[in-house]
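A.B. asks: Quick one: the structure is below, and I'll ask about it shortly.
The values are calculated or read from the model by the stated rules, or taken from the named source; none is laboratory data. Fair warning: this is a prediction, and the values are worked out from it, not measured in the lab. With ideal geometry, Cβ positions are generated from the backbone for all residues, glycine too; neighbour counts draw on all protein chains shown.
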Amino acid sequence: MSSYDAIYFLMRWLHYFFGVIWIGHLYYFNFTQVPFFGETDAATKSNAIQKLVPRALWWFRWGAMFTFVTGFVMLSMWGARVGGDALKTSFGLFICVGALLGTVMFLNVWLVIWPNQKVVIESTTLAAQGKPGLPNAAASGAAALLASRTNTMFSLPMLFFMGAASHLPLPSTEGTDFTNALLVATLIIAALEFNAVKGKIGPMATVKGVIHAGVALTVVLFGALWVMA
(Lines give C-alpha, C1' and ligand atoms only; values in the text may rest on other atoms or scores of the structure.)
Protein backbone atom coordinates (compact mmCIF):
# COMPACT_ATOMS: atom_id res chain seq x y z
CA MET A 1 0.00 0.00 0.00
CA SER A 2 1.38 3.38 -1.01
CA SER A 3 1.48 6.37 1.33
CA TYR A 4 -1.19 8.00 -0.86
CA ASP A 5 -3.55 5.06 -0.38
CA ALA A 6 -2.89 4.95 3.36
CA ILE A 7 -3.59 8.65 3.86
CA TYR A 8 -6.63 8.54 1.60
CA PHE A 9 -8.09 5.58 3.50
CA LEU A 10 -7.46 7.29 6.84
CA MET A 11 -9.25 10.40 5.63
CA ARG A 12 -12.14 8.32 4.33
CA TRP A 13 -12.51 6.48 7.64
CA LEU A 14 -12.46 9.73 9.59
CA HIS A 15 -14.85 11.27 7.07
CA TYR A 16 -17.34 8.49 7.79
CA PHE A 17 -16.84 8.80 11.55
CA PHE A 18 -17.33 12.54 11.74
CA GLY A 19 -20.11 12.39 9.15
CA VAL A 20 -22.10 10.00 11.33
CA ILE A 21 -21.73 12.41 14.27
CA TRP A 22 -22.80 15.39 12.16
CA ILE A 23 -25.71 13.91 10.22
CA GLY A 24 -26.83 11.87 13.21
CA HIS A 25 -27.26 15.05 15.24
CA LEU A 26 -28.90 16.80 12.28
CA TYR A 27 -31.54 14.09 12.16
CA TYR A 28 -31.89 14.13 15.94
CA PHE A 29 -32.63 17.85 15.90
CA ASN A 30 -35.12 17.65 13.04
CA PHE A 31 -36.81 14.30 13.60
CA THR A 32 -36.83 14.17 17.42
CA GLN A 33 -36.02 17.41 19.22
CA VAL A 34 -38.13 19.88 17.22
CA PRO A 35 -41.35 17.80 17.43
CA PHE A 36 -40.69 17.21 21.14
CA PHE A 37 -40.24 20.91 21.82
CA GLY A 38 -43.56 21.54 20.09
CA GLU A 39 -45.37 19.22 22.51
CA THR A 40 -43.59 19.61 25.85
CA ASP A 41 -44.19 22.19 28.58
CA ALA A 42 -42.33 25.51 28.73
CA ALA A 43 -40.20 24.61 31.77
CA THR A 44 -38.94 21.37 30.23
CA LYS A 45 -38.19 23.11 26.93
CA SER A 46 -36.33 25.91 28.72
CA ASN A 47 -34.23 23.47 30.72
CA ALA A 48 -33.39 21.45 27.60
CA ILE A 49 -32.38 24.56 25.64
CA GLN A 50 -30.05 25.63 28.44
CA LYS A 51 -28.44 22.27 29.21
CA LEU A 52 -29.05 19.74 26.43
CA VAL A 53 -29.04 21.80 23.25
CA PRO A 54 -25.58 23.40 23.77
CA ARG A 55 -24.02 19.94 24.23
CA ALA A 56 -25.73 18.56 21.14
CA LEU A 57 -24.77 21.63 19.11
CA TRP A 58 -21.11 21.21 20.13
CA TRP A 59 -20.97 17.72 18.66
CA PHE A 60 -23.08 18.86 15.71
CA ARG A 61 -20.92 21.78 14.61
CA TRP A 62 -17.55 20.11 15.21
CA GLY A 63 -18.76 16.95 13.49
CA ALA A 64 -19.59 19.19 10.54
CA MET A 65 -16.18 20.87 10.70
CA PHE A 66 -14.14 17.67 10.61
CA THR A 67 -16.41 16.02 8.05
CA PHE A 68 -15.72 19.00 5.82
CA VAL A 69 -11.97 19.03 6.51
CA THR A 70 -11.48 15.30 5.83
CA GLY A 71 -13.68 15.54 2.74
CA PHE A 72 -11.68 18.50 1.48
CA VAL A 73 -8.42 16.58 1.93
CA MET A 74 -9.80 13.57 0.05
CA LEU A 75 -11.19 15.70 -2.77
CA SER A 76 -7.90 17.59 -3.08
CA MET A 77 -5.89 14.37 -3.20
CA TRP A 78 -8.19 12.86 -5.80
CA GLY A 79 -8.26 16.07 -7.84
CA ALA A 80 -4.47 16.29 -7.86
CA ARG A 81 -4.26 12.72 -9.14
CA VAL A 82 -6.85 12.96 -11.96
CA GLY A 83 -6.17 16.58 -12.92
CA GLY A 84 -8.29 17.82 -15.82
CA ASP A 85 -10.20 14.55 -16.03
CA ALA A 86 -12.11 15.22 -12.79
CA LEU A 87 -15.39 15.97 -14.59
CA LYS A 88 -15.04 13.41 -17.38
CA THR A 89 -16.54 10.50 -15.46
CA SER A 90 -19.84 10.03 -13.65
CA PHE A 91 -17.77 9.32 -10.53
CA GLY A 92 -16.26 12.77 -10.70
CA LEU A 93 -19.60 14.42 -11.42
CA PHE A 94 -21.40 12.67 -8.57
CA ILE A 95 -18.59 13.25 -6.09
CA CYS A 96 -18.51 16.95 -6.96
CA VAL A 97 -22.30 17.28 -6.58
CA GLY A 98 -22.16 15.48 -3.24
CA ALA A 99 -19.23 17.63 -2.12
CA LEU A 100 -21.06 20.80 -3.19
CA LEU A 101 -24.10 19.84 -1.14
CA GLY A 102 -21.90 18.95 1.83
CA THR A 103 -20.04 22.25 1.62
CA VAL A 104 -23.24 24.28 1.56
CA MET A 105 -24.52 22.28 4.53
CA PHE A 106 -21.26 22.92 6.41
CA LEU A 107 -21.54 26.66 5.77
CA ASN A 108 -25.15 26.64 6.96
CA VAL A 109 -24.05 25.04 10.22
CA TRP A 110 -21.35 27.55 11.03
CA LEU A 111 -22.74 30.73 9.44
CA VAL A 112 -26.50 30.37 9.99
CA ILE A 113 -27.56 27.65 12.43
CA TRP A 114 -24.95 28.07 15.15
CA PRO A 115 -25.00 31.92 15.33
CA ASN A 116 -28.80 31.93 15.52
CA GLN A 117 -28.94 29.11 18.04
CA LYS A 118 -26.56 31.04 20.30
CA VAL A 119 -29.13 33.85 20.39
CA VAL A 120 -31.91 31.41 21.30
CA ILE A 121 -29.82 29.83 24.08
CA GLU A 122 -28.81 33.21 25.51
CA SER A 123 -32.37 34.51 25.41
CA THR A 124 -33.74 31.38 27.09
CA THR A 125 -31.08 31.60 29.81
CA LEU A 126 -31.90 35.25 30.49
CA ALA A 127 -35.62 34.46 30.72
CA ALA A 128 -34.92 31.60 33.15
CA GLN A 129 -33.05 34.10 35.34
CA GLY A 130 -36.06 36.42 35.40
CA LYS A 131 -34.53 38.87 32.94
CA PRO A 132 -35.99 40.05 29.63
CA GLY A 133 -35.27 37.74 26.72
CA LEU A 134 -33.58 38.96 23.56
CA PRO A 135 -36.01 40.65 21.13
CA ASN A 136 -34.56 38.84 18.12
CA ALA A 137 -34.75 35.37 19.67
CA ALA A 138 -37.90 34.30 17.81
CA ALA A 139 -36.51 35.43 14.45
CA SER A 140 -33.20 33.70 15.17
CA GLY A 141 -34.99 30.47 16.07
CA ALA A 142 -36.95 30.58 12.81
CA ALA A 143 -33.80 31.26 10.79
CA ALA A 144 -31.96 28.37 12.44
CA LEU A 145 -34.88 26.02 11.84
CA LEU A 146 -35.15 26.93 8.14
CA ALA A 147 -31.41 26.37 7.60
CA SER A 148 -31.56 23.10 9.54
CA ARG A 149 -34.55 21.89 7.54
CA THR A 150 -32.73 22.83 4.33
CA ASN A 151 -29.66 20.88 5.45
CA THR A 152 -31.89 17.88 6.15
CA MET A 153 -33.34 18.17 2.64
CA PHE A 154 -29.83 18.50 1.17
CA SER A 155 -28.58 15.50 3.14
CA LEU A 156 -30.66 13.02 1.15
CA PRO A 157 -29.18 13.81 -2.28
CA MET A 158 -25.77 14.37 -0.69
CA LEU A 159 -25.71 10.82 0.67
CA PHE A 160 -27.23 9.50 -2.56
CA PHE A 161 -24.54 11.00 -4.79
CA MET A 162 -21.71 10.01 -2.46
CA GLY A 163 -22.89 6.41 -2.77
CA ALA A 164 -23.83 6.65 -6.45
CA ALA A 165 -20.33 7.80 -7.40
CA SER A 166 -18.96 4.28 -6.95
CA HIS A 167 -22.11 2.16 -7.24
CA LEU A 168 -24.48 3.80 -9.76
CA PRO A 169 -22.48 5.09 -12.74
CA LEU A 170 -24.15 6.88 -15.60
CA PRO A 171 -24.28 4.73 -18.77
CA SER A 172 -21.71 5.19 -21.56
CA THR A 173 -20.17 8.38 -20.23
CA GLU A 174 -16.44 7.71 -20.47
CA GLY A 175 -14.67 10.86 -21.63
CA THR A 176 -17.79 13.07 -21.47
CA ASP A 177 -17.26 16.56 -20.09
CA PHE A 178 -19.79 17.06 -17.28
CA THR A 179 -18.96 20.70 -16.55
CA ASN A 180 -22.35 21.92 -17.80
CA ALA A 181 -24.16 19.24 -15.83
CA LEU A 182 -22.38 20.35 -12.65
CA LEU A 183 -23.33 23.95 -13.43
CA VAL A 184 -27.02 23.01 -13.67
CA ALA A 185 -26.84 21.16 -10.34
CA THR A 186 -25.08 24.18 -8.80
CA LEU A 187 -27.84 26.54 -9.95
CA ILE A 188 -30.57 24.31 -8.47
CA ILE A 189 -28.72 24.03 -5.15
CA ALA A 190 -27.99 27.78 -5.11
CA ALA A 191 -31.68 28.61 -5.58
CA LEU A 192 -32.66 26.39 -2.67
CA GLU A 193 -29.88 27.81 -0.51
CA PHE A 194 -31.12 31.33 -1.27
CA ASN A 195 -34.48 30.25 0.10
CA ALA A 196 -32.69 28.84 3.18
CA VAL A 197 -31.30 32.29 3.94
CA LYS A 198 -34.04 34.62 2.68
CA GLY A 199 -37.12 32.50 2.05
CA LYS A 200 -39.76 30.49 3.89
CA ILE A 201 -39.90 27.03 5.37
CA GLY A 202 -42.93 25.99 3.29
CA PRO A 203 -43.56 22.23 3.19
CA MET A 204 -40.42 21.57 5.23
CA ALA A 205 -42.24 22.64 8.40
CA THR A 206 -43.01 18.98 9.14
CA VAL A 207 -40.78 15.92 9.32
CA LYS A 208 -42.76 14.26 6.54
CA GLY A 209 -42.50 17.40 4.43
CA VAL A 210 -38.73 17.73 4.70
CA ILE A 211 -38.22 14.03 3.88
CA HIS A 212 -40.46 14.36 0.84
CA ALA A 213 -38.56 17.50 -0.21
CA GLY A 214 -35.24 15.66 0.11
CA VAL A 215 -36.46 12.72 -1.98
CA ALA A 216 -37.87 15.09 -4.59
CA LEU A 217 -34.60 17.04 -4.77
CA THR A 218 -32.66 13.78 -5.19
CA VAL A 219 -34.91 12.76 -8.09
CA VAL A 220 -34.67 16.19 -9.73
CA LEU A 221 -30.88 16.39 -9.47
CA PHE A 222 -30.29 12.82 -10.61
CA GLY A 223 -32.81 13.20 -13.44
CA ALA A 224 -31.19 16.42 -14.63
CA LEU A 225 -27.71 14.89 -14.60
CA TRP A 226 -28.96 11.74 -16.34
CA VAL A 227 -30.59 13.79 -19.13
CA MET A 228 -27.49 15.92 -19.62
CA ALA A 229 -25.31 12.81 -19.83
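A.B. asks: Mind checking which pairs have a first residue in the range 131-145 that is over 7 Å from N116 (Cα atoms) and a second that is outside any helix (DSSP H, G or I), Cβ under 8 Å, 6 or more apart or different chains?
C.D. replies: That search, which allows pairs on different chains as well, returns A142/I201; L145/I201.
A.B. asks: Next question, about the same structure. In the list A86, A64, A48, which residue meets the criterion of being surrounded by 14 or more Cβ atoms within 10 Å (Cβ to Cβ), out of contact with any Phe, Trp or Tyr (no Cβ under 6 Å at 6 or more places or on another chain), closer than 22 Å to V207 by Cα and among the small types (G, A, S)?
C.D. replies: Just a single option satisfies the conditions, and that option is A48.
A.B. asks: When you scan the range 92-130, how many residues do you find that are surrounded by 16 or more Cβ atoms within 10 Å (Cβ to Cβ), among the small types (G, A, S) and without any contact (Cβ under 8 Å) to a residue 24 or more places away in the chain?
C.D. replies: Matching residues across the range 92-130 total 1.
A.B. asks: Oh, and also: With respect to the numbered conditions (1) crowded, with 16+ Cβ neighbours inside 10 Å; (2) modelled with pLDDT of 95 or more, which one is the sole condition not fulfilled by F178?
C.D. replies: Answer for F178: the failing condition is (2).
A.B. asks: Scan the range 82-101 residue by residue and report those that are closer than 14 Å to T186 by Cβ, in contact with a Ser or Thr (Cβ under 7 Å, 6 or more places away or on another chain) and in a helix (DSSP H, G or I).
C.D. replies: L100, the sole residue that qualifies.
A.B. asks: Any residue in the range 153-173 that is of a type in the set (V, I, T) and within 17 Å of the chain's Cα centre (by Cα)?
C.D. replies: No, there is no match, as no residue in the range 153-173 is of a type in the set (V, I, T) and within 17 Å of the chain's Cα centre (by Cα).
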